[in-house]
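I have placed the structure first, in the form of structure tokens, so that the comments after it can refer back to it.
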């Protein structure tokens, strides 16, 4: 596991050196390696997938613009996640200043909209919705640790907070999620005990 | 371990993040506590559900859009390099740094030399300060000073001053007589007896020399003139 991680880090460094020398193929490879990982994190920080994609694009543009200021003593993944999350946080801060209205809501077709709205029924979908309701600081720590499975140390570096704070935030986020999903979890527990079905089917 | 403590560890226990000591304590507790086992099952379900969350992916044309934007950035970068003149640096470090170092070095040497000279002359200066004051300069007059030249000696002697005064006085009197006498020139002064009636010609030389004469020799009163001093 460690060996694989180490080789990933080395690959990142090799690609980044090539990018610094003006190799656009290497940059394309870096984009392919990180675009979905970033989308997974930023897409869960922001509600709209289009906005999340814009932020991911902006992240790569920033990486390209500041390619010469990358410090090879740090992980590339830490650097790119930090840039992406900072941009996402800026976006969330902007939203607090300006209220956004969806143009489709202003049409007056509430009934049609309600029919089209998809109510999540499966547990992973409910969990996805519950994650979006978490406070921002818990959400970021939870997504990076539990969904991206980054080590606590790297999460601490990305969020620029102490290691103990990361652990407590992740634990707190898990407890909040359990509280939110308690009725569904209890019914699932009862169902799985009686039928022994795997969670994915539930 | 109590339930409250165990429940704070349960989410980490399900993710296998606890150390061996805590893991063992939680496992022992779970073997005996049904309510904590329920919570453990909840966390395990959550962990499984987290693993099955749909992975978000960017749109298919993401790379195309991104590289279009990057191309714009590169184009802007190139244009700015090609068309905008490079701003002159405020400080030319290659000049400023050596110059500063040179100035500092010179200053250091000068200051160090000055300090050294002060330190070396310290004893001498103290000796001078302790020496008795020499007031010989007060008694040395130009006349008595053998180092002075003959010319200076002659000019500053009392005899030469008196001779000069006499000469000027004679010449002045001759001029006054030629002009018609003292009364014609100084009518007010000759009429007022309470004030000095001594003729005072308006020549700078007269004042200078007369003063010397007054100091050393009282002039004799002339005939026909009142002598009030």
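No lab work stands behind these numbers, since they all come straight from the coordinates. Since we're looking at a predicted model, the values are computed, not measured. All Cβ positions, glycine included, derive from the backbone under ideal geometry; neighbour counts span all protein chains shown.
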Inset, instruction - Evaluate peptide B:52-65: per residue, the Cβ atoms of other protein chains within 10 Å of its Cβ; return the mean as an integer. - result: 6
Legend entry - Radius of gyration and maximum dimension Dmax of the range B:3-49, Cα, Å: 9.7, 28
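With r defined as the distance between the Cβ atoms of residue B:95 and residue A:78 and R0 fixed at 51 Å, what FRET efficiency is calculated, to the nearest 0.05? All intermediate terms of the calculation are to be shown ahead of the outcome.
Numbers: r = 40 Å, r/R0 = 0.79.
It comes to 0.80.
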Legend entry - Prolate/oblate/rounded call for the range A:1-101, Cα gyration tensor, a/c under 1.5 rounded: prolate
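What does the structure give for A:170-178 when I average, per residue, the other chain Cβ atoms found within 10 Å of the residue Cβ?
Working: counts 4, 7, 1, 1, 10, 6, 0, 6, 7.
Mean partner shielding for this stretch: 5.
Over the range B:3-49, what is the relative contact order in whole percent, taking alpha-carbon pairs under 8 Å and six or more residues apart? It would help to have the intermediate numbers written out before the result.
On the way: 25 pairs, mean separation 23.2, N = 47.
About 49 percent, as a whole number.
Order these by the 10 Å Cβ neighbour count, fewest first: A:77, B:8. Numbers along the way, then the final one.
Details: A:77 21, B:8 13.
Sorted ascending by nearby Cβ count, the order is B:8, A:77.
Can you tell me the length gained on complete extension of the stretch residue B:179 to residue B:24, counting 0.36 nm per residue apart and subtracting the Cα distance? Please report the intermediate quantities before stating the final value.
Details: separation 155, 0.36 × 155 = 55.80 nm, distance 14.17 nm.
That works out to 41.6 nm of additional length.
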Legend entry - Computed lengthening from residue B:35 to residue B:111, 0.36 nm per intervening residue step minus Cα-Cα distance: 18.9 nm
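Set the Förster radius R0 to 51 Å, insert the Cβ-Cβ distance between residue B:3 and residue B:73 as r into 1/(1 + (r/R0)^6), and round the FRET efficiency to 0.05. Can you show the working numbers first?
On the way: r = 58 Å, r/R0 = 1.13.
Working from the Cβ atoms, E equals 0.35.
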Legend entry - Fewest-first sequence of B:22, A:68 by Cβ atoms within 10 Å of each Cβ: A:68, B:22
Inset, instruction - First measure r as the distance between the Cβ atoms of residue A:95 and residue A:61, then evaluate 1/(1 + (r/R0)^6) with R0 = 25 Å and state the FRET efficiency to the nearest 0.05. - result: 0.75
Inset, instruction - Take the alpha-carbon centre of the range A:1-76, take the same for the range B:1-26, and report the distance between them in whole Å. - result: 36
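Using a 10 Å cut-off on Cβ to Cβ distances, tally the other chain neighbours for every residue of A:135-146 and report the average as a whole number.
Numbers: counts 0, 0, 0, 0, 0, 0, 0, 1, 2, 0, 2, 7.
Counting Cβ atoms of other protein chains within 10 Å of each residue's Cβ and averaging gives 1.
Order of A:32, B:16 from fewest to most other C-beta atoms within 10 Å?
Numbers: A:32 11, B:16 8.
Ascending Cβ contact count within 10 Å gives the list B:16, A:32.
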